[in-house]
Amino acid sequence: MKKKQYDLVVIGGGPGGYVAAIRAAQLKMKAAVVEANHLGGICLNWGCIPTKALLRSAEIYSYLQKAEDYGLTVSGASFDISKVVQRSRNVAKKLSTGVQHLLKKNNVDVVDGHGKLSGGQAGSHEITVEKNGKPQLDLVAEHVILATGARARELPHMESDGKLIWSYKDAMVPEVVPKSLLVIGSGAIGIEFASFFRNLGAEVTVVEMLDRILPTEDHEISAFAQKEFEKQGITFITGAKVSDLKKGAKTVTAQIESADKPRRITVDRIVMAVGIVGNTENLGLEQTKVKTENGHILVDQWLQTDEIGIHAIGDVVGSPWLAHKASHEAIICVDKIMKQKDVHPLEITNIPSCTYCMPQIASVGLTEEAAKIGGRQISIGRFPFMGNGKAIALGEEEGLIKTIFDKETGELLGAHMVGAEVTELIHGYGLAKTLESTEKELMSTIFPHPTLSEMMHESVLDAYDRAIHI
């Protein structure tokens, strides 16, 4: 069978894979991307991007419901879920085409099919590309990057069927908006779908196994967010798990076990949002020294596996499962391969996290609890949206910005936000952390007025008893 030689072959064309290939091309490597489905991966086609398009439609519809608050008169506002979904799909298609153009522009070969390691040795790894289960061609490369992503985790006996029990993919292309919905899991995916369907009128209940929603976020932020969601009519059952599902003709009944009392809830649809597991199967890993653990590939700080020349990035190597983390790992990995100067390992605490519900949630760095567990003496600043002129003008007065500093050194340890457009603000604190800024630099920075970003400044000032507007 025909063999093609490359310096680098990337298996997977998601936000980690295609970025790795483009960076390799910039460094004059001959690179190829092997992708079995759609360029852009889950994020672009079935995750980050299309869900934001859905949420945007729901957000606009929500604003129409309270138009009178802005002195506007709107009557007869309605939505067509098929058109909402179609817009989302069109957005994904447009961006996938854009990735294809970027790869072509950088002279990266795109190979259609499923790639798997099929032999070779250090310095000359072989990859067989299959299509519909049939071998198509072999590729040979000195370096291979596995960027195969992850898939939704399924619970035993509660597998999605695309009808009554939805996976995240099913929930993105609903034919109708259910009158009642149960979301199992309150991480970012679960909360985003809860917010989307609630804003379109569904009665939504969220079940979370842990004692609070959004469990990776700062306690104070997650509690604030829960109160806001409850005001919107979302019901939360925490410290509970779904032990059984019984499907009827048009509804499904969930048996929920919790410390206080068991209960049964009957709803039109269920969305499963209980985490993800890496795509490590059928990659030919068994004939290599590559190791896996709990469904993820093990790598060192440079994304190198135990097999020389085979690397892994993105969701397949574990949390945090974020597109921007995968893209950053791609750059680190390729730059290290090419012995670039000033390449640094990934600093996990510098990775921002965003949830695009209403209100939005964003964070970077340590939570208050994590900082205390780490033995830090801390100073905390807070600033409420209701004290900000731009937030009041926007009609978005419910929100909070919280900053955490090392009391001794002034190091910014973490920043946590809930409120309108905070996903567009968090990069400011991310930049400050990357530059190793202290409270002094942040206090000396001039923030424009009137903006939401002024609250970032005030929160820093508040940590040192210098806030002006509270």
_Give me the strands (runs of 3 or more DSSP E) completely within segment 152-268, filtered to those with at least 2 residues that are within 24 Å of residue 50 (Cα to Cα), ordered by residue number._
180-184, 203-208
*asked:* Please go through segment 297-325 and give me each residue that is outside any loop (DSSP other than H, G, I, E, B) and within 17 Å of the chain's Cα centre (by Cα), ordered by number.
replied: 314, 315, 316, 317, 323, 324, 325
*Under the condition of being in a loop (DSSP other than H, G, I, E, B) and more than 18 Å from residue 130 (Cα to Cα), which residue from segment 1-20 is nearest to the chain's Cα centre (by Cα)?*
15
*asked:* What's the total number of residues in segment 1-47 that are within 11 Å of residue 148 (Cα to Cα), of a type in the set (Gly, Ala, Ser) and out of contact with any Pro (no Cβ under 7 Å at 6 or more places or on another chain)?
replied: 6
_Test: residue 355 is more than 30 Å from residue 128 (Cβ to Cβ) and of a type outside the set (A, V, I, L, M, F, W, C)_ = yes
*Out of 145, 127, which single residue is touching a Cys at 6+ places or on another chain (Cβ under 8 Å) and not charged (D, E, K, R)?*
145
_Any helices (runs of 4 or more DSSP H) falling wholly within segment 33-123 and containing at least 1 residues that are at pLDDT 95 or above and out of contact with any strand residue (DSSP E or B) (no Cβ under 7 Å at 6 or more places or on another chain)_ = 48-65, 81-105
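Please pick out the residue among 94, 131, 83 that is assigned by TED's automatic domain parsing to the domain that holds residue 296 and under 20 Å from residue 5 (Cα atoms).
Numbers: 94 fails: under 20 Å from residue 5 (Cα atoms); 83 fails: under 20 Å from residue 5 (Cα atoms).
Of the residues listed, the single one that is assigned by TED's automatic domain parsing to the domain that holds residue 296 and under 20 Å from residue 5 (Cα atoms) is 131.
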*asked:* Going residue by residue through segment 353-365, is there one that turns out to be of a type in the set (Ser, Thr, Tyr), within 16 Å of the chain's Cα centre (by Cα), surrounded by fewer than 17 Cβ atoms within 10 Å (Cβ to Cβ) and not assigned by TED's automatic domain parsing to the domain that holds residue 419?
replied: no
*Among the residues of segment 294-304, is any crowded, with 20+ Cβ neighbours inside 10 Å, more than 21 Å from residue 404 (Cβ to Cβ), touching an Asp or Glu at 6+ places or on another chain (Cβ under 6 Å) and assigned by TED's automatic domain parsing to the domain that holds residue 31?*
yes
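The values are calculated or read from the model by the stated rules, or taken from the named source; none is laboratory data. None of the values given here were measured: they were computed from a predicted structure. Note that we place each Cβ from the backbone using ideal geometry, even for glycine, and neighbour counts take in every protein chain shown.
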